[in-house]
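Colleague: Next up is a structure, given as structure tokens.
The values are calculated or read from the model by the stated rules, or taken from the named source; none is laboratory data. Please read these numbers as outputs of a predicted model, since none were measured by experiment. A quick note on method: Cβ atoms are made from the backbone with ideal geometry, for glycine too, and the neighbour counts reach across all protein chains shown.
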Amino acid sequence: MPRKPNARIGSGLARMQKQIRQSLVSMREEIRAKETELRQLKDEESKLSGLAGLTATGGGGTAASRAIGGGRARINWGTVLEKMPKQFRAGDVHKVRGLKEKRDSEIFAAIVRWIEAGSVKRKERGLYERVQQSPARNSKKTA
């Protein structure tokens, strides 16, 4: 007779372990589904950032989470240059979406980098011209 209480404890333990295993399986499935959803949202955010001329930065967090916290995503200045007309002024750079609030010093720093890289030439004071890249030069970048 003393064995019956122990048998009940053993069967109760087995039932509890079975319930725990089932809970773990369902939690893992839920986690996989959430991770898939998160990957899709990150892909969507990346596409939208690309359309806005922004690139996501490394160092944790997404552009959306940085925007909530007050931080900003880095600007892809190469994309900005592609949006410029053949001849442009610094004011035209400010008109690109996402650059309206940039300081003049940041805009001019980008223009100087473009000039040093040979992507832009200074026509006259305040007027710049995009340089047509030769096909040989472009093929080096992709190779």
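Colleague: Could you look through the stretch 39-98, keep only residues that are part of a helix (DSSP H, G or I), at pLDDT below 85 and among the polar types (S, T, N, Q), and pick out the one that is surrounded by the fewest Cβ atoms within 10 Å (Cβ to Cβ)?
Modeller: Looking at the filtered set, the residue picked out is Ser65.
Colleague: Still on this structure, please answer the following. Within the set of pairs 6+ apart or on separate chains, which have a first residue in the stretch 104-123 that is within 12 Å of Leu81 (Cα to Cα), a second that is of a type in the set (Gly, Ala, Ser) and modelled with pLDDT of 95 or more, and C-beta atoms under 9 Å apart?
Modeller: Final answer for the pair search is none.
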